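Read the structure below first, then the notes.
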Amino acid sequence: MAIRHGLILVLASLVMPPVFAEEARRYPPLPQTILTPDQVPSRIGELRFDDGRPDAATVATLYDHLDFLRGVEVFLNFIPAASLEALRVGMAELGATQSSDVVIFEQLMDARPLFLTGNTDTVYASAMLDLQRDGPTVVEVPPGAGPGTVNDAFFRFIIDMGAPGPDRGKGGHYLILPPDYQGPITPSVEGKPQRVDGRDYYVARSASYINWLILRGLLVEGKAEPAVTMWREGLKVYPLSQVAEPPAMRFINGSDRSVNTIHANDFHFYLELDQVIQREPVGLLEPELRGLAAAIGIRKGQPFAPDKRMKTLLSEAVAVGNATARAIWLKPRDANARLYPDSGWYTPFVGGDYRWLIDEGEGGRNLDARTLFFYSATVNTPAMALRIPGVGSQYAFNATDTEGRYLDGGETYRLRLPAPVPAKNFWSVVVYDPQTRSELQTQQRYPSKNNVRDTLRYNDDGSVDLFFGPKAPEGWESNWTETLPGKGWFTVLRLYGPLEPWFDKAWRPGELEPYKE
């Protein structure tokens, strides 16, 4: 056998002379751009390689970093899901466990509940739909309802109701189909009702089982009672299967109640997300998002059980994710966020699209814009983002004074709203806690001013000066909202029924100016 191998080598040498070294020199040099040096400095330390092969320490470092990065991305991308899940849990704590259980803030929402930028100015009616349990579900909306919306478990828009909905405030029957519905009923097209068993319904299909129904009733001469009566007498929610004998409605007063409806900003965030993914159909999320969650161990049908290493990494990741979300929300770097040049006012709907799509999706999805909104707010509807004069609502955030400094609860500020404020229905300015993104808890029940609820002092030209600080400037008590020394704050300006001067920016609010008597 050895003789045979030797013969093969001799013959090969006759056919292919030993010029391999010389031939190798004839190849062009390898592009430096594709090569990996033996030592690579980085923000996570020096990475070491042997001819492009990472050593054991580098492999461990890189996988730790990859798991950390994915943990951060899961936090930023899944805030909508965790937020709606926290709302579901909070609603259940208030006693709303059936679709026919509706929480009404009969004396308006005060500062007790932790609720992302909830307003003090409309009468909320809130319910959770469980389409897996109940199947297709009916919502009967009474005439005169203000803006209302149904959102799915990822806080995506399903359908509007009331004034901005297809019923246009005249009232109507809505039908929400579950994601796995198989039957003859199809979603409405162009807002036209469908005939189902002799009744017209505005029909929509949800991608999730859990859905949030949130309706708003407008104040009448500054009073909440007419809207409360409207909800109690006219709002009905029940399974379509029980249309012949709907269950009795149960209305729960949410005013003066303490409850948390805000997602966690620590490791518990991932537990909230796991609840959503385990409960909802796989199709709720696109494969890329499912894969991102699966990369850190959250996958439908499998237990989420991170080991000590992974839990440590994820605890750090959620802390960095939370910090990043706060930077995006309070200091947006997107120029499109700013409503006016050299101003602290910015929009929570950057890009003016409730889906956060750039150029109808050609530019992809504006991920930071989505994070900005859902970290600070709830309710997703085109009526809050689109240009619809006289209908729906518009919002402006402000967290800084004229010098660009965060607002200090120990200082006094003045905000001037020129006349006339372009709001068909009413305007309001509400003060919030930057920690909770909920109404600031002070000695005042409502940390806000509203031009139809409050008796305000106006200037001779019709403009109004609002004051914020630990005590009211003399003579301006009616226009004052309390803040707390040692506590920051931010504010939201709301216009209900916004008019054209808001959209074309012919009108703009003043800035938050430090004020000295």
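The values are calculated or read from the model by the stated rules, or taken from the named source; none is laboratory data. Keep in mind the model is a prediction, meaning the values are calculated, not measured. Because the Cβ atoms are built from the backbone with ideal geometry, glycine has one as well, and the counts that use them run over all protein chains shown. All accessible areas refer to the heavy atoms of the entire protein, side chains included, with ligands and DNA or RNA removed. Shrake-Rupley method; radii C 1.70, N 1.55, O 1.52, S 1.80 Å.
Sorting Leu219, Leu499, Leu273 by accessible area (1.4 Å probe), largest first, what list results?
The residues order as Leu499, Leu219, Leu273, largest area first.
Would you calculate a helix-derived [θ] at 222 nm for the chain, using -39,500 (n - 2.57) for each DSSP H run of n ≥ 4 and dividing by the full residue count, to the nearest 500?
Mean residue ellipticity at 222 nm (helix-derived): -8000 deg cm²/dmol.
Could you order Asp256, Asp134 so the one with the most accessible surface comes first? Probe is 1.4 Å.
My answer, sorted largest first, is Asp256, Asp134.
Where does region 204-305 land on Rg/Rh, using Cα atoms and the Kirkwood Rh?
Radius of gyration relative to Kirkwood radius: 1.09.
Starting from the residue with the highest accessible area, list His268, His65, His263 in decreasing order, probe 1.4 Å.
Of His268, His65, His263, the descending order of accessible area is His268, His65, His263.
Per residue Cα convex hull volume for the chain, in cubic angstrom?
236
Might you report the magnitude of the Cβ-based charge dipole of region 130-246 about its Cα centre, with Lys and Arg at +1 and Asp and Glu at -1, to the nearest 20 debye?
Computed about the Cα centre, the dipole is about 180 debye.
On a 26 Å Cα-Cα criterion, which of the cross-link pairs Lys170/Lys223; Lys236/Lys424; Lys449/Lys505; Lys170/Lys424; Lys170/Lys192 come out too long?
Correct reply: Lys236/Lys424.
By how many nm would the segment from Thr186 to Ala295 lengthen if fully extended, with 0.36 nm per residue of separation less the alpha-carbon distance?
Gain on stretching Thr186 to Ala295: 35.6 nm.
Given Ser206, Ala163, Gly254, which one lies farthest toward the positive end of the charge dipole of the chain, if we put +1 on the Cβ of every Lys and Arg and -1 on the Cβ of every Asp and Glu?
Selected residue: Ser206.
Can you give the Rg to Rh ratio for region 342-390, taking only C-alpha atoms and Rh from Kirkwood?
0.97
So what's region 275-400 giving for Cα Rg divided by 2.2 N^0.38 Å, two decimals?
Taking N as the residue count of region 275-400, the ratio is 1.27.
Any chance you could run the full-extension gain for Thr312 through Asp342? It's 0.36 nm times the residue separation minus the Cα-Cα distance, nm to one decimal.
6.6 nm
Quick check: from the Cα gyration tensor, does region 414-480 come out rounded (a/c under 1.5), prolate or oblate?
Oblate, because a/c is 1.5 or more while a/b does not exceed b/c.
Obtain the radius of gyration and the Kirkwood radius of region 367-473 from its C-alpha atoms and give Rg over Rh.
With Rg and the Kirkwood Rh in hand, the quotient comes to 0.96.
Give, in nm to one decimal, the length gained when the segment between Thr436 and Glu513 is fully stretched (0.36 nm per residue of separation minus the Cα-Cα distance).
Difference between extended and current length: 25.3 nm.
Sticking with the crude label model, points 7 Å out along Cα→Cβ, report the distance from Thr36 to Arg112 in nm, one decimal please.
5.9
In Å and from the alpha-carbon atoms only, list the Rg and Dmax of region 235-290.
According to the Cα coordinates of region 235-290, Rg and Dmax are 17.5, 46 Å.
Running Debye on region 29-86 with equal point scatterers at the Cα sites and no solvent, what base-10 log of I(q)/I(0) appears at q = 0.21, 0.23, 0.28 Å⁻¹?
Here log10 of I(q) over I(0) equals -0.83, -0.91, -1.09.
About its Cα centre, what dipole magnitude does the chain give when the only charges are +1 on Lys and Arg Cβ and -1 on Asp and Glu Cβ, stated in debye to the nearest 20?
Dipole about the Cα centre, nearest 20: 580 debye.
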